[in-house]
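Beneath this line is the structure, given in structure tokens, with notes to follow.
The values are calculated or read from the model by the stated rules, or taken from the named source; none is laboratory data. What you are looking at is a predicted structure, and each value in this text was computed from that prediction instead of being measured. Cβ placement follows ideal geometry from the backbone for every residue including glycine, while neighbour counts extend to all protein chains displayed. To get the accessible areas, we keep the full protein, side chains included, count just its heavy atoms, and leave off ligands, DNA and RNA. Shrake-Rupley method; radii C 1.70, N 1.55, O 1.52, S 1.80 Å.
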Amino acid sequence: MNSQQSVRDRLIKKQKFNPELKGKGLVILSALLIIIATGAITIFLGQKGLQSFFINGLNPIEFLTSSDWHPLRAEAKGGPSYGALAFIFGSFAVTLLSALIAAPLGIGAAIFMTEIAPSWGKKVFLPIIELLVGIPSVVYGFIGLSVLVPFLRDTVGGLGFGLLAGMIVLSIMILPTVASIATDTLQSLPQSLRDASSAIGATRWQTISRVLIPAALPGLLTAVVLGMARAFGEALAVQMVIGNARSIPTSLTEPAATLTTIITLNMGHTTFGSIENNVLWSLALILLIMSFIFIVIIRYLSARRKY
Amino acid sequence: MNSRIADRIATGVFSAFAAIITLVLAGLLGYILFHGLAQINLDFLTSPSSSYKAGGGIGPQLFNSFYILLITMIFTVPLGLGGGIYMAEYAKPGKITNIIRTSIEVLASLPSIVLGLFGLLVFVNLTGWGYSILSGALTLTIFNLPVMVRVCEDAIRSVPREQKEAGLALGLTHWHTIKTILVPSAFPTILTGAILASGRVFGEAAALLFTAGLTTPRLDFANWNPFSPDSPLNIFRPAETLAVHIWAVNSEGLIPDAREVADGASAVLIISVLLFNLFARWLGGVIHKRLTATK
């Protein structure tokens with residue numbers, strides 16, 4: 001009996017604490033952390049962003065529709081005013097304009113990669129696109145500042161800073177996003193579409209314009225909207241070239257500002273808890289809400305993809 | 001204009017687009033390397049930065065970038081691996097899995113400045129740490145988590161089913177199979193993904209602007225005690241990274257050779273990111289050849 005007992009003790013490993021449960025628990029914890037992080041971001045930013053309306057008593061309608069931004073104006077001159085319209089306008093303007101450039105270029109590059117040079121196009125261009133993605137955004141801003149702004153100043157006039165500079169820098173930044181998703185979409189179109197089109201005698205361009213692009217439209221729109229979402233949230237690169245004015249620009253070469261640039265500039269100068277600081281958090285809340293809206297649009301477009 | 005001419009024009013236009021993009025990239029890289037490589041020498045890479053005089057270097061900023069990257073990865077890899085294992089092995093189709101996938105999507109699409117502001121609220125103010133390496137690393141962990149979870153999930157899903165079934169058939173428990181069969185098989189893909197993610201983290205500035213701060217205290221590189229205030233290893237000290245330095249130098253504009261410092265720093269940043277990418281690809285290729293015995 002004794003030898004049986006010791007044999008059993010020797011041969012069977014003791015389970016200290018069920019490792020199956022331990023492993024599963026650890027893994028579930030990591031997954032829960034993701035949900036907690038997302039929820040925490042929404043709750044914290046939401047609560048802090050609403051403070052300027054609830055604690056400091058700002059009028060949200062005036063905040064969103066007035067372009068009179070003078071948070072440090074003395075009482076004698078009329079007191080401070082917090083109208084964020086100029087920044088909302090700047091953000092949307094620079095996003096839409098950069099999408100205007102990046103969409104044709106990106107979709108065109110995708111068409112080149114998948115239709116016009118399918119044998120070598122992807123091998124050459126996917127690394128190029130990856131390299132463009134890998135360049136950090138501050139470097140784009142710095143090159144914009146040192147090359148693009150003087151160039152625009154000399155050729156187009158004005159200060160060089162402004163929506164035009166921001167638009168060009170942003171379009172190069174979102175180009176890889178648009179191109180890579182457009183490439184994926186075009187590649188996932190069934191070959192039978194192309195074959196059927198050429199069987200009835202269409203040229204390549206006719207196939208592309210009348211068959212492939214309409215079939216890929218939801219995916220292409222997803223690509224463009226994703227690029228726009230990235231452009232909307234870009235902060236440092238835009239801040240270096242856009243000029244940081246306080247008013248709505250009247251032309252492409254006038255300095256402007258976006259939600260992200262005004263937050264970047266002023267967050268360091270204001271004290272935590274003051275009203276100037278609280279309005280910056282409200283601007284950040286607008287940014288968060290716009291990001292959520294973009295995500296909803298992208299999900300809606302993705303759901304409509306047939307291919 | 002008949003359809004054949006239209007076809008030729010279209011081909012030309014698309015080829016022109018492709019050429020424009022190539023030229024833009026070549027121009028960007030060429031400009032940075034041309035202007036920046038002239039600035040890089042050992043003195044530039046190791047001497048401390050100056051706030052208002054010419055001749056500053058990027059030594060502490062370079063160290064800070066690597067150190068924050070290291071600490072971020074220490075947090076991200078286990079969390080990403082855990083999340084990836086859950087999504088690949090344990091998640092059942094249902095509401096909770098959908099919520100997790102939505103959360104990953106949301107986190108991945110948030111602008112990095114929003115994450116930086118969240119980091120400011122929670123990791124800097126709420127916890128009372130102030131601008132510190134730890135705050136920056138935790139913020140960057142949130143920034144990096146979606147990518148890491150996706151990479152790990154794809155890597156584990158791509159392990160052939162036969163391996164997992166063989167493990168289960170031999171009587172291993174589920175977790176043991178994951179630990180000893182699936183994760184080691186997926187390791188090369190996970191490693192490649194982690195190095196590529198490191199390249200992204202290295203160049204990130206907006207998330208660190210308000211969490212790791214814009215200043216670096218005087219560092220004594222001979223002091224390796226992580227608890228002393230002037231040791232470079234102390235994670236509770238503010239730390240300006242290379243990317244943040246480029247922005248600060250150009251925005252504050254106090255030093256007279258801002259252009260040169262930014263040129264050199266940009267070149268170092270781009271070369272580092274390129275090296276990360278190349279290293280990831282090379283390492284992935286080497287491990288793949290070893291594991292699959294391809295010649």
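Could you derive backbone 3J(HN,Hα) for the stretch A:50-56 from the dihedral phi with the Karplus parameters 6.51, -1.76 and 1.60 (θ = phi - 60°), listing whole Hz in sequence and x where the residue is Gly or Pro?
Values, residue by residue: 7, 4, 5, 8, 8, 8, 8 Hz.
With a bin width of 10 angstrom, please list the P(r) values of the stretch A:106-204 as percents of all Cα-Cα pairs, from the 0 bin to the one holding the largest distance.
P(r) over the stretch A:106-204, rounded to whole percents: 14, 33, 25, 17, 9, 1.
If you roll a 1.4 angstrom probe over the protein chains with everything in place, what fraction of the accessible area of the stretch A:1-143 belongs to carbon and sulfur, to the nearest %? Could you put the intermediate results ahead of the total?
Numbers: 5320 of 7810 Å².
Of the solvent-accessible surface of the stretch A:1-143, carbon and sulfur hold 68 percent.
Let me know the charge dipole size of chain B about its Cα centre in debye, to the nearest 20, where only the beta-carbon of Lys, Arg (+1) and Asp, Glu (-1) is charged. Don't jump to the answer; show the numbers that get you there.
Values: 19 positive and 16 negative charges, 209 e Å.
Dipole magnitude for chain B comes out near 1000 debye.
As a test of reading the structure, rank A:T207, B:T215, B:T11 by solvent-accessible area (1.4 Å probe, protein chains only), most first. Walk me through the intermediate numbers first.
Values: A:T207 15, B:T215 80, B:T11 35 Å².
Output order, biggest surface exposure first: B:T215, B:T11, A:T207.
Quote the accessible area belonging to B:W282 in square angstrom, nearest 10, computed with a 1.4 Å probe and with ligands, DNA and RNA left uncounted.
For B:W282, the solvent-accessible surface is approximately 150 Å².
Could you list the residues of the stretch A:150-167 with an amide nitrogen less than 19 Å from a label point located 7 Å from the Cα of B:L23 in the Cα-to-C-beta direction?
Under cut-off, by backbone N: A:151-152, A:155-156.
So if a site counts as exposed when it's one of the trypsin sites (Lys or Arg not before Pro), its DSSP state isn't H, G, I, E or B, and it has at most 14 other Cβ atoms within 10 Å, what's the longest stretch of chain A without one?
Numbers: sites that count: A:K13, A:K14, A:K16, A:R73, A:R304, A:K306.
Segment A:74-303 is the longest.
Ignoring ligands, DNA and RNA, what percent of the accessible area of chain B is carbon or sulfur (1.4 Å)?
On the way: 8980 of 13630 Å².
Of the solvent-accessible surface of chain B, carbon and sulfur hold 66 percent.
Over the Cα atoms of the stretch B:119-180, what is the Rg over Rh ratio if Rh follows Kirkwood?
1.31
I need the Debye-formula profile for the protein assembly as shown: one equal scatterer per C-alpha, no solvent, reported as log10 I(q)/I(0) at q = 0.08, 0.11 1/Å, two decimals.
Rounded to two decimals, the profile gives -0.63, -1.16.
Size of the dipole of chain A about the Cα centre, Lys and Arg at +1 and Asp and Glu at -1 on the beta carbon, nothing else charged, in debye to 20? Don't jump to the answer; show the numbers that get you there.
Working: 22 positive and 13 negative charges, 299 e Å.
The calculation lands at about 1440 debye.
Please list B:T97, B:T292 from largest to smallest accessible area, probe radius 1.4 Å, with all protein chains kept in place. Display every interim value, and only then the final one.
Values: B:T97 15, B:T292 75 Å².
From most accessible down to least: B:T292, B:T97.
With every protein chain present, what is the per residue accessible area of the stretch B:1-144 (1.4 Å probe, Å²)? Provide the component values of the computation, followed by the final result.
Details: 6360 Å² over 144 residues.
Counting only protein heavy atoms, the per-residue value for the stretch B:1-144 is 44 Å².
Please compute the modelled spin-label separation between B:I271 and A:N266, points set 7 Å along Cα→Cβ, answer in nm with one decimal.
4.1 nm
Which residue, chosen from A:P136, A:L97, A:I61, occupies the Cα position most advanced towards the positive end of the dipole of the stretch A:45-152, where the dipole is computed from +1 (Lys, Arg) and -1 (Asp, Glu) charges on Cβ about the Cα centre?
Going by the charge dipole, the pick is A:P136.
Mean residue ellipticity at 222 nm from the helices of chain A, using -39,500 (n - 2.57) per DSSP H segment of n ≥ 4 over the full residue count, to the nearest 500 deg cm²/dmol?
Numbers: 15 runs with 209 residues, N = 307.
That comes out to -22000 deg cm²/dmol.
Each label point is 7 Å from the Cα along the Cα-to-Cβ direction; what then is the distance between the points at A:S247 and B:A54, in nm?
Here the answer is 3.8 nm between the modelled labels.
Where Lys and Arg each count +1 and Asp and Glu each count -1, what net charge lies around B:T22 among other residues with Cβ under 15 Å from its Cβ?
Values: positive: A:K122, A:K123; negative: A:E130.
Combined, the nearby Lys, Arg, Asp and Glu give +1.
Taking 1 over the mean of 1/r across every pair of different Cα atoms in chain B, what Kirkwood radius in Å do you get? Mind showing how you got there, number by number?
On the way: mean 1/r = 0.0458 Å⁻¹.
Mean inverse Cα-Cα distance, inverted, gives 21.9 Å.
Magnitude of the Cβ-charge dipole of the stretch A:1-153, K/R +1 and D/E -1, about the Cα centre, nearest 20 debye? Intermediate results must be reported in sequence, preceding the final value.
On the way: 13 positive and 7 negative charges, 216 e Å.
Magnitude of the dipole: close to 1040 debye.
Residue separation times 0.36 nm, minus the C-alpha to C-alpha distance between B:I287 and B:R218: what's the value?
Working: separation 69, 0.36 × 69 = 24.84 nm, distance 4.14 nm.
20.7 nm is the gain from fully extending B:I287 to B:R218.
Around A:Y82, which amide H atoms from residues at least 5 apart in sequence, or from another chain, sit under 5 Å from its own amide H, with H modelled in the peptide plane?
A:H70
Rounded to the nearest 100 Å², what's the accessible area chains A and B bury against each other, both chains counted, probe 1.4 Å? Intermediate results must be reported in sequence, preceding the final value.
On the way: alone 17420 and 16690 Å², together 27900 Å².
The buried area between A and B, both sides summed, comes to about 6200 Å².
Would you kindly find the accessible area of A:I172, with a 1.4 Å probe and non-protein molecules such as ligands, DNA and RNA excluded, rounding to the nearest 10 Å²?
For A:I172, the solvent-accessible surface is approximately 40 Å².
D for the stretch A:165-261, whole µm²/s, Stokes-Einstein with Kirkwood Rh over alpha-carbon pairs at 20 °C and 1.002 mPa s: what number? Please list the in-between numbers first.
Working: Rh = 15.7 Å.
Here the translational diffusion coefficient equals 136 µm²/s.
Provide the gained length on full extension for the span A:I213 to A:R153, in nm with one decimal, where the gain is 0.36 nm per separating residue minus the Cα-Cα distance. Present the calculation step by step, with values, prior to reporting the outcome.
Working: separation 60, 0.36 × 60 = 21.60 nm, distance 3.81 nm.
Gain in length upon complete extension: 17.8 nm.
How long, wide and thick is the stretch B:29-171, going by the Cα atoms along their three principal axes, in whole angstroms, largest first?
67, 37, 29
Evaluate the distance, in nm, between pseudo-label points positioned 7 Å from the Cα of A:L126 and of B:E105 along their respective Cα→Cβ axes.
It works out to 2.4 nm between the two label points.
Computed on alpha carbon atoms, what radius of gyration and Dmax characterise chain A, expressed in Å?
Just the Cα atoms of chain A yield Rg and Dmax of 26.6, 100 Å.
Given the stretch A:226-307, report the % of alpha carbon pairs whose separation exceeds 20 Å. Don't jump to the answer; show the numbers that get you there.
Values: 1519 of 3321 pairs.
It works out to 46 percent of all Cα pairs.
Nearest 500 deg cm²/dmol is fine: what mean residue ellipticity at 222 nm does chain B get from its DSSP H runs of n ≥ 4 alone, each adding -39,500 (n - 2.57), divided by its residue count?
Numbers: 12 runs with 198 residues, N = 295.
It comes out at -22500 deg cm²/dmol, rounded to the nearest 500.
Kyte-Doolittle cut-off 0.0, length cut-off 20 Å along the helix's own axis using Cα: show which whole DSSP H helices in chain B pass.
Working: long enough: B:3-37 (50 Å, 1.47); B:59-85 (39 Å, 1.33); B:95-109 (21 Å, 0.63); B:133-157 (34 Å, 1.14); B:183-202 (27 Å, 1.23); B:258-292 (50 Å, 0.92).
Span-like helices, by this rule, are B:3-37, B:59-85, B:95-109, B:133-157, B:183-202, B:258-292.
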